[in-house]
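I have placed the structure first, in the form of structure tokens, so that the comments after it can refer back to it.
Every number here is computed from the coordinates shown, using simple stated rules; none is lab data. Keep in mind the model is a prediction, meaning the values are calculated, not measured. Neighbour counts are summed over all protein chains in view; Cβ atoms, including those assigned to glycine, are modelled from backbone coordinates with ideal geometry.
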Amino acid sequence: MADLKLPRLNKFIVSGRIAHDLELKFTPKGTPVLRFILATDRRYKDDSDQWQSITSWIDCIAWTKTAEMISNQAHKGSALLIEGRIDTNNWTDTNNNKRKSTEVYIETVHFLEWKPRDGQESGSDNEVPLPPEEMASSTKTTNDDVPF
């Protein structure tokens, strides 16, 4: 069989609204972590040509500065666009049943209802990327690598 060269791509982009109140937590080592559900709607026409809407509930997790930023600037109902990667966890519960969960690990967040603070221009960038040292597959870039 021929050796396939598949790209190693795990990218997920979705927009929606935060489904519940946010609670920033910390790991035993003090790392901020924020878990929340993002609700996203999809509209479609049914068999009778009527518009319908269906909601998907997406489990999300943010770490470190991204978790703190979302916790400080968003709340239940806030509209976000998130970019991240999907991770699936398998485990056995206390009743010996096999369980599975899928979460989006947030790498970048865009606040869709961002409001400027006093003294800031309304055109300020509202994108909050995950710091390079916290990316799972970070690469080292120096000024010599930048073409300008």
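Below, the figures for the structure above:
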| quantity | calculated |
| --- | --- |
| Electrostatic dipole magnitude of segment 12-114 [Cβ: Lys, Arg +1; Asp, Glu -1; Cα centre; debye, to 20] | 320 |
| 3J(HN,Hα) from dihedral phi, segment 49-57, Karplus parametrisation 6.51/-1.76/1.60, rounded to Hz, x for glycine, proline | 6, 9, 6, 10, 10, 10, 9, 10, 10 |
| For segment 12-114, the fraction of alpha-carbon pairs in successive 5 Å shells from zero, as % | 3, 11, 20, 20, 16, 13, 9, 5, 2, 1, 0, 0 |
| Amide H within-cut-off set for residue 78, under 5 Å, with H built and near neighbours excluded | 18 |
| Too-long pairs where the Cα-Cα distance tops 20 Å, listed order kept, from 25/65; 11/98; 29/98 | 11/98; 29/98 |
| Length gained when the stretch residue 8-residue 98 is fully extended (0.36 nm per residue, less Cα-Cα span) | 29.7 nm |
